[in-house]
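Down below is the structure, laid out as structure tokens.
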Ligand code: C2E
Ligand code: CA
Ligand code: CA
Ligand code: CA
């Protein structure tokens with residue numbers, strides 16, 4: 001009886017009720033946002049060992065008519081819960097393909113890779129492979145310049161299914177990156193079976209490498225592990241030159257972070273690219 005009582009009380013927790021209301025409000029707003037095309041992509045440069053720009057990560061932004069620019073952390077979890085992520089994700093992928101096709105047409109941007117975040121729910125959807133194929137066809141984008149970033153949460157489903165789907169998309173020319181590596185569900189047994197091109201070191205491991213021996217050891221180990229498995233390793237959240245120097249000395253050859261550039265709207269990115277031509 002005491003247990004039940006406790007559970008009932010949780011229902012009337014005003015903080016939780018507030019959360020439920022906020023969630024419902026975001027869901028409503030997202031429907032309107034999809035209709036009115038309030039989503040856009042920002043692009044954050046990714047650099048090689050010499051600091052040359054080799055690609056960009058497409059990061060979703062929501063231009064809310066009242067609230068201004070809303071970061072994805074505030075609406076993607078809702079969109080994942082409601083399933084709206086499927087349509088949002090489709091629009092993101094289509095836009096990324098359009099951008100790649102546009103860059104392909106000009107010699108100094110033709111080599112740029114574009115990394116696109118795909119949520120587990122979107123990846124597992126039965127229509128995903130067809131959707132990707134359609135976007136490629138419709139835009140004429142070069143699939144070899146598109147990198148799909150997955151998180152370890154895809155591994156909550158059957159690994160054989162996951163591998164099968166990755167292979168089907170690889171057959172189209174796409175490459176795969178494992179985002180936020182080390183923060184989720186992956187075990188090394190899974191890692192060795194996933195046909196990946198890249199590991200991304202999560203910024204939570206990078207942030208304190210200058211002062212925390214354990215974080216530095218983790219970064220160094222991920223770099224060594226990835227490279228010995230033939231994978232590219234990119235460190236994210238690189239905020240200072242000192243961070244980058246340390247990562248470089250530990251063998252890291254790709255990075256992304258405020259030290260190089262913040263996520264930028266297209267016009268600003270193109271200005272940045274003109275100054276950091278490779
Ligand atoms: P993520 O994929 O790990 O993206 C990296 C996040 O780190 C971005 O936050 C980026 O703005 C931020 N960041 C970049 N450099 C630095 C740095 O030097 N220091 C710090 N402190 N942060 C840095 P953002 O844009 O707010 O995105 C948050 C998350 O939302 C992403 O994390 C990703 O999981 C998700 N997301 C973004 N766009 C999409 C999308 O199109 N689809 C899906 N499914 N998820 C997305
Ligand atoms: Ca990412
Ligand atoms: Ca990440
Ligand atoms: Ca992250």
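The table for this structure:
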quantity: Members of segment 32-44 that are assigned to a helix (DSSP H, G or I) and either buried (at least 20 other Cβ atoms within 10 Å of the Cβ) or in contact with a helix residue (DSSP H, G or I) (Cβ under 9 Å, 6 or more places away or on another chain) (or both); calculated: 33, 34
quantity: Residue among 126, 106 that is more than 24 Å from residue 76 (Cβ to Cβ) and out of contact with any helix residue (DSSP H, G or I) (no Cβ under 6 Å at 6 or more places or on another chain); calculated: 106
quantity: Which listed residue, of 51, 55, is out of contact with any helix residue (DSSP H, G or I) (no Cβ under 7 Å at 6 or more places or on another chain), under 15 Å from residue 114 (Cα atoms) and not in a helix (DSSP H, G or I); calculated: 55
quantity: Residues within segment 103-125 that are within 13 Å of the chain's Cα centre (by Cα) and not in a helix (DSSP H, G or I), tallied; calculated: 6
quantity: Some residue of segment 95-103 being over 30 Å from residue 240 (Cβ atoms), within 16 Å of ligand 2 (Cβ to nearest atom), modelled with pLDDT of 95 or more and touching a strand residue (DSSP E or B) at 6+ places or on another chain (Cβ under 7 Å); calculated: yes
quantity: Answer from 56, 78, 47, 92 - the residue that is surrounded by 14 or more Cβ atoms within 10 Å (Cβ to Cβ) and closer than 22 Å to residue 19 by Cα; calculated: 78
quantity: Qualifying residue in segment 115-137 (condition: buried (at least 16 other Cβ atoms within 10 Å of the Cβ), within 16 Å of ligand 2 (Cβ to nearest atom), within 22 Å of residue 171 (Cα to Cα) and in contact (Cβ under 8 Å) with a residue 60 or more places away in the chain); calculated: yes
quantity: Condition met for residue 231 (within 15 Å of ligand 4 (Cβ to nearest atom) and either in contact with a strand residue (DSSP E or B) (Cβ under 9 Å, 6 or more places away or on another chain) or within 26 Å of residue 155 (Cα to Cα) (or both)); calculated: no
quantity: First in segment 200-213 and at pLDDT 95 or above, second anywhere and more than 16 Å from ligand 3 (Cβ to nearest atom) and outside any loop (DSSP other than H, G, I, E, B), Cβ under 7 Å, 6 or more apart; calculated: 209/216; 209/246; 210/242; 210/246
quantity: Residue in segment 159-173 that is within 22 Å of residue 44 (Cα to Cα) and more than 16 Å from ligand 1 (Cβ to nearest atom) present; calculated: no
quantity: Residue among 13, 29 that is modelled with pLDDT of 90 or more and away from ligand 3 (no atom under 16 Å from the Cβ); calculated: 29
quantity: Segment 51-72, residues that are within 16 Å of ligand 4 (Cβ to nearest atom) and modelled with pLDDT under 95; calculated: 71
quantity: Test for residue 114: is it within 16 Å of ligand 4 (Cβ to nearest atom) and under 18 Å from residue 56 (Cβ atoms); calculated: no
quantity: Some residue of segment 81-100 being without any contact (Cβ under 8 Å) to a residue 12 or more places away in the chain and part of a helix (DSSP H, G or I); calculated: no
quantity: Close pairs (7 angstrom Cβ cut-off, 6 or more residues apart or separate chains): in contact (Cβ under 8 Å) with a residue 12 or more places away in the chain in segment 232-244, part of a helix (DSSP H, G or I) and more than 9 Å from ligand 1 (Cβ to nearest atom) anywhere; calculated: 233/222; 233/223; 233/226; 233/227; 235/219; 235/247; 238/244; 238/247
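The values are calculated or read from the model by the stated rules, or taken from the named source; none is laboratory data. The model shown is predicted, which means the values in this text are computed figures rather than measured ones. Note that we place each Cβ from the backbone using ideal geometry, even for glycine, and neighbour counts take in every protein chain shown.
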